[in-house]
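Novice: Shown below is the structure under consideration.
The values are calculated or read from the model by the stated rules, or taken from the named source; none is laboratory data. All values derive from a computational prediction rather than experimental measurement. Methodologically, a virtual Cβ is constructed for each residue, glycine included, from the backbone with ideal geometry; neighbour enumeration extends over all protein chains shown. Note: areas computed on protein heavy atoms with side chains; ligands, DNA, RNA excluded. Shrake-Rupley method; radii C 1.70, N 1.55, O 1.52, S 1.80 Å.
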Amino acid sequence: MEICIISALCLCFLLVGDVVEVEASHHPYRNLQSLSGEQPYRTAYHFQPPKNWMNDPNGPMYYKGVYHLFYQFNPYGAVWGNISWAHSISYDLVDWVHLEPAINPSDPFDINGCWSGSTTFLPGEKPAILYTGDDIKNRQVQNLAVPKNVSDPLLIEWVKSPHNPLLTPIDDIDPQNFRDPTTAWQGPDRLWRVIVGSKINGSGMAILYRSRDFVEWIRSDNPLHSSTKTGMWECPDFYPVSANNTNGEEKFSKHVLKASFKNQDHCILGNYMPMTDKFEVDTDFLDEGLDLRYDYGNFYASKTFYDSGKKRRILWGWVIESDSESNDIEKGWSGLQSIPRSVVLSGTGRQLMQWPIKEIEKLRTNKVSFHEKEVKDGFIFEVPGITASQADVEVSFDLPNLDEAESLDPNWVDPQLLCSQKGASGRGRVGPFGLLVLASKDLTEQTAVFFRIFRRHDNYVVLMCSDQSRSSLREGLGKTIYGAFVHIDHREKKISLRSLIDHSIIESFGGDGRTCITARVYPKLAIHTESRLYVFNNGTLSVRISSLNAWSMKRAQIFPMQNRRKQQINYK
Ligand code: DQQ
């Protein structure tokens with residue numbers, strides 16, 4: 001069914017909602033209990049605790065055949081506070097069992113919160129957690145915890161080190177800006193290295209420490225890296241990456257340094273020299289036009305781990321709510337984790353490529369496909385036959401008219417601004433074209449995930465946008481429009497888009513995962529079976545769908561341990 005409904009599109013594009021920015025910061029609230037229940041915004045296949053507040057992913061790892069995810073969690077309510085390390089396990093990164101929290105704030109060195117950190121495998125494959133404690137004096141200190149029983153693959157009980165705190169904010173370190181130790185690594189001299197996020201004299205930085213025994217740490221004279229432009233670095237991450245998904249052992253590899261600041265996860269690539277601990281960066285944080293981010297939408301405080309079972313690097317990120325705090329309290333929960341993504345270096349060595357882990361495909365059902373379908377100027381058509389509120393869609397567009405793309409004004413340097421100015425309803429030549437996700441039948445609610453392509457000299461610039469401004473008829477929501485450029489090989493004359501849609505989250509991967517944008521949306525009409533998925537083209541030139549595959553997604557099995565037992569599910 002192909003119907004021309006430009007007028008409907010134009011009408012609904014006038015409905016611009018209030019823009020409320022949600023800060024990825026936290027204020028302590030005590031004793032707030034949760035109310036949980038069936039709700040339109042609860043996700044079906046994204047990782048969530050049964051109730052309450054969740055933020056950063058912590059210390060993910062693969063141990064004796066089991067994946068572990070720890071995360072920042074408030075056991076008492078749907079707002080940030082009382083932060084513990086909650087703990088869940090999985091055999092496939094899709095279905096999860098929630099265990100009891102692994103680390104709780106109970107000692108002078110972490111009594112005000114067990115904040116973010118990472119796991120490291122010590123000799124003999126023994127896991128160890130380094131985490132930040134908010135101590136009795138409200139200083140940020142770094143602590144160690146180890147499993148009580150390493151032969152237990154579930155690692156249920158953790159014991160805090162008698163040597164805690166291991167690292168304290170002395171000398172020029174600000175006690176309020178000293179947190180989130182990374183996974184440690186060993187240099188050629190067998191000394192362990194770890195970095196801790198900080199801000200000293202206005203510069204964000206990764207302070208570097210070395211240790212022989214993992215207990216006594218000596219600060220290096222120089223940070224691993226620093227920047228005057230960023231502010232405090234939260235949740236740094238530092239790891240090797242290569243094009244073929246190994247742990248960066250072969251020649252063509254780089255190191256990634258990620259730092260979380262200004263509500264975004266920013267990355268730089270460079271060459272790390274283990275003998276000297278020098279990190280020579282290709283480009284720096286916030287360099288104009290080269291600001292590399294994992295995700296240009298809602299995605300923060302992320303953490304990677306190397307999956308030695310499947311030989312791949314996996315990324316998790318916290319996706320905060322864009323709803324008001326009072327609504328979070330009413331629904332009884334707040335925060336999602338992204339679908340775990342594999343991370344590789346692109347063939348050019350200049351960017352990262354991310355893709356949802358293969359395992360998530362086990363949830364696909366009711367496949368719907370189109371092939372070789374032309375989408376002319378102003379056309380929109382529905383993808384029928386799937387549960388559009390809980391779906392996975394992959395579409396590949398051929399761009400036969402690329403040569404006729406409009407020129408890019410040299411002043412248009414900010415892709416996010418460009419997405420807001422041009423919009424999905426603005427008429428271009430090659431684009432805007434893409435998907436209308438979580439859309440109501442009358443299109444008054446819709447999230448447009450789309451591309452628009454411009455010519456610049458002899459090359460092309462692909463703009464990717466996720467427009468939340470019409471995502472809900474509800475007011476008081478964060479409806480920021482996100483945008484980024486996608487660096488593709490224009491000679492191929494095609495571009496792909498994949499969106500994982502799960503009630504209140506849309507994770508989109510443009511150009512085979514070169515550019516990712518995650519959004520939180522809270523439709524009022526387009527919920528459950530009332531939700532629809534459309535393909536549209538508002539450019540004056542046709543684009544061609546070479547293939548479109550869409551699936552309904554089944555619910556992942558994510559339960560507390562006791563529910564598993566009650567349901568007598570044989571988990572393995
Ligand atoms: N969240 C943690 C901190 C970290 C921040 C506290 C990032 O350790 O810096 O919950 O979201």
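Novice: Please work out the ratio of the alpha-carbon Rg of the range 51-355 to 2.2 N^0.38 Å and round it to two decimals.
Specialist: Dividing the Cα radius of gyration by 2.2 N^0.38 Å gives 0.94.
Novice: Here's something else I'd like to know. Any idea what the relative contact order of the range 365-553 is, in percent, if you count C-alpha pairs under 8 Å spaced at least 6 apart?
Specialist: 41
Novice: Using 0.36 nm per residue of separation minus the Cα-Cα distance, give me the extension gain between Glu404 and His457 in nm, one decimal.
Specialist: Length gained between Glu404 and His457: 17.8 nm.
Novice: Whole-Hz ³J(HN,Hα) for each residue in the range 281-288, computed from phi via Karplus 6.51 cos²θ - 1.76 cosθ + 1.60 with θ = phi - 60°, x for glycine and proline: what do you get?
Specialist: So the Karplus estimates, Gly and Pro as x, are 8, 6, 9, 10, 3, 6, 4, 4 Hz.
Novice: In square angstrom, what is the accessible area per residue of the chain with a 1.4 angstrom probe?
Specialist: 39
Novice: For the modelled label position 7 Å from the Cα of Gln176 along Cα-to-Cβ, which residues of the range 219-237 have backbone nitrogen atoms closer than 19 Å?
Specialist: 230-235
Novice: Also: What does the extension gain come out to for Ser220 and Met561, with contour length at 0.36 nm per residue minus their alpha carbon separation?
Specialist: My answer for the length gained is 118.4 nm.
Novice: Can I ask one more? Just how much of Tyr71 is accessible, in Å², when a 1.4 Å probe is used and the result is rounded to the nearest 10?
Specialist: Counting only protein heavy atoms, the figure is 10 Å².
Novice: Once you sort the root eigenvalues of the Cα gyration tensor of the chain as a ≥ b ≥ c, which label holds: rounded (a/c under 1.5), prolate (a/b larger than b/c) or oblate (the other case)?
Specialist: Cα axes put the chain in the prolate bin.
Novice: Give me the dipole magnitude in Debye, nearest 20, for the range 424-475 about the Cα centre, with unit charges on the beta carbon: positive for Lys and Arg, negative for Asp and Glu.
Specialist: 240
Novice: State the percentage of accessible surface on the chain attributable to carbon and sulfur atoms; use a 1.4 Å probe and exclude ligands, DNA and RNA.
Specialist: 50
Novice: At 7 Å along the Cα-to-beta-carbon direction for both Thr365 and Asp92, put a label point, then send me their distance in nm to one decimal.
Specialist: Modelled inter-label distance: 1.3 nm.
Novice: Could I ask something else about it? Any idea what log10 I(q)/I(0) is at q = 0.09, 0.15, 0.20 Å⁻¹ for the range 365-553, Debye with uniform C-alpha scatterers and no solvent?
Specialist: The computed values of log10 I(q)/I(0) come out as -0.28, -0.80, -1.45.
Novice: Okay, next question. Extending each Cα 7 Å along its Cβ direction at Thr168 and Lys441, get the distance between those two points in nm, one decimal.
Specialist: About 6.7 nm, to one decimal.
Novice: Over the chain, what is the relative contact order in whole percent, taking alpha-carbon pairs under 8 Å and six or more residues apart?
Specialist: Reported relative contact order: 16 percent.
Novice: Positive end of the charge dipole of the chain (Lys, Arg +1 and Asp, Glu -1 on Cβ, about the Cα centre): tell me which of Leu443, Ser407, Gln337 has its Cα farthest that way.
Specialist: After comparing all options, I get Gln337.
Novice: Within the chain, what percent of beta bridges assigned by DSSP are antiparallel, to the nearest 5?
Specialist: Once the DSSP bridges in the chain are tallied, antiparallel ones form about 95 percent.
Novice: To the nearest 500 deg cm²/dmol, what mean residue ellipticity at 222 nm is calculated for the chain from DSSP H runs of n ≥ 4 alone, each contributing -39,500 (n - 2.57), summed and divided by the residues?
Specialist: It lands at -1500 deg cm²/dmol.
Novice: Next question. State the extension gain, in nm to one decimal, for the chain segment bounded by Leu473 and Asp291, taking 0.36 nm per residue of separation less the distance between their alpha-carbons.
Specialist: My answer for the length gained is 62.2 nm.
Novice: Taking the Cα centre of the chain as the origin and placing charges on Cβ (Lys, Arg +1; Asp, Glu -1), which of Gly483, Trp551, Phe214 is farthest toward the positive end of the dipole?
Specialist: Farthest towards the positive pole: Trp551.
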